[in-house]
Structure formats: C-alpha cells, structure tokens
C-alpha cells in the first residue's frame, strides 16, 4: 500500500539547539502518537541519515519525515459518482449531496462517501485512507474536508479544535430570527431517546453565529457560521431561537415537498497541513434549495 508523501523541512538557524522532537511538537504541532509512529518506522532522516528524535539541531540541515504505511480500512469500494472540488496527496474536498452518509454505520455499510472515495482511490492506484475532519449530517449537502492519512488528519484536527477551519452554511428557516444577527451559545448533549440532541447545562459547549440575508413574512434565509461542531448543532440552535430549519422533521416540521432540513455547507477555508497556504472553497446551492428559495419567494443575497 502506498504511503503519504514524505514531509520535507529546512531547519532554520533560529532552531539551533532544539531537538527534532521539540521542533515537531511545538512548531509543527505533531501529536505524540505521530512521533511514535515516525520513530517505529525509522522515518526521521537528517541530511539523508536516520537519526533519533532527541537529536539536537544546528541549523541549516534538511529534515525528511517518512510516514509509515497506513493500516488497512474495512471499507468496501463502490463506483458512486462524486463531486470532488479539490484533491491532492494529503486531502480531498467533496461537495456531498443531500441524503448520503459520510461513512458506513451499523445498518448502512454501503452507499456512503467513504465507499465512493475508496473506489476512487483504488482506481487511481492510490493508497489513501478515509479520515473525515469534520461532519455533515446525512440530509445536509455541501463541502466536506477529508484527510487522506493519519498525519494530515491529525494536523487538520488541531486546526478544527483551535477554530482555524472556517465553515459557513446557508440555511432556510421556518419563521424569522428575533434579530438580524447574533451568537447562539447553548451547550448540547444527546437526548434520552433516539438521535435527538437537547440543550442542557451539562452538555458540550456549542457556539453558532448567524446573520440574516433575506426574509419574507414566514421564512428567513440565513448565513450561519459554526464555531464548534456538535452533532445537529445548527438544527438544535435554530430551533432554540424558535426558527427551525425548513423541512426539519426532527426539530421542526416535515415538508413533504422538501423532505430534508434546508441546510447547505457552502463555504470552507483552512490552512493546508503541508505547505501552510490557506485554501478557500465554495459550493453553489443545489437545485432542491434553489427551487425552495423560488417557491418561498426568497432571493439569495451575496454575503
């Protein structure tokens, strides 16, 4: 199986006197687990020679990190159409359609994004593994970031935890929020039954920003930004305002003509884990949401 491309680092004079381990932990945010994997694989090379992680740097050297081969994943490959927005050796950004699960679960082992990407990589002879960095509910459409190795997943997960990955959604609600914009800060936890989440003082911290883009007398078109990413966060928070997502059968009302929550992950930006340039992506509204906007007489306004 193919391994992720090696990571090349030029040692700056300012790093003189530091150990490789200290440098990777503090400057490159490597986890302890990633360092252990490099050590076990003899994957730390300085000027072409294998060295220990405790080696002290002089400045001016060339550090090369060779990642170990990934463990196999038990995901069946399926030829399912994909809307890939961007892909390189470390990650892939996909525009997920509504109705598709991100990865297999107990009673749905096929038809997921993981199955589709596994097939995509196998046909290209690529030894990538499936590591979703964040999540999208099955009925939610839009941009999803997938890491292709445990290292890129660890690096991007640090960004997610630190609030350095920006995720914006477009939402249509039943009713109009009490203000034209604001912050919803209400902790969430799993409810007593089923998959519903509830607001509770002992729940996990959850923060959502929203801004009103347009509205009619009965509905609103919102720009939503996730600060945290709890399960069903946007759905629960907007319902908490008294304006549940249009068509949300779990936290609002079912619309037989639009049988899913009206939510689309339309904008995503983050820093690439290898070259550290910031990447920005957008995904246009899908046809079902465009049709709903037309029916409700909402007009999309640029943010």
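None of the figures in this text is laboratory data; all of them are computed from the coordinates on show. Keep in mind that this is a model prediction, so the values were computed, not measured. Glycine gets a Cβ as well: all are built from the backbone with ideal geometry, and neighbour counts include every protein chain shown.
Helical runs (DSSP H, four residues minimum) scored at -39500 (n - 2.57) apiece and divided by the length of the chain put the mean residue ellipticity at 222 nm at -5500 deg cm²/dmol. Ranking of 144, 63 by neighbouring Cβ atoms within 10 Å, starting from the fewest: 63, 144.
Taking Cα atoms only, the orientation of helix 150-161 departs from the longest principal axis of the chain by about 50 degrees.
The residues 190, 96, when put in order of fewest to most other Cβ atoms within 10 Å, stand as 190, 96. Helix 113-123 and the longest principal axis of the C-alpha atoms of the chain enclose an angle of approximately 40°. Shown here: Rg/Rh (Cα atoms, Kirkwood Rh), derived from the displayed model; of the candidates (i) 1.01; (ii) 1.06; (iii) 1.03, it corresponds to (iii).
Counting other beta carbons within 10 Å of each Cβ, put 169, 251 in order, fewest first.
Least to most surrounded, the residues fall as 251, 169.
Straightening the chain between residue 256 and residue 193 buys 20.2 nm, computed as 0.36 nm per residue apart minus the Cα-Cα spacing.
Over all pairs of different C-alpha atoms in segment 7-65, the reciprocal of the mean inverse distance, the Kirkwood hydrodynamic radius, equals 11.2 Å.
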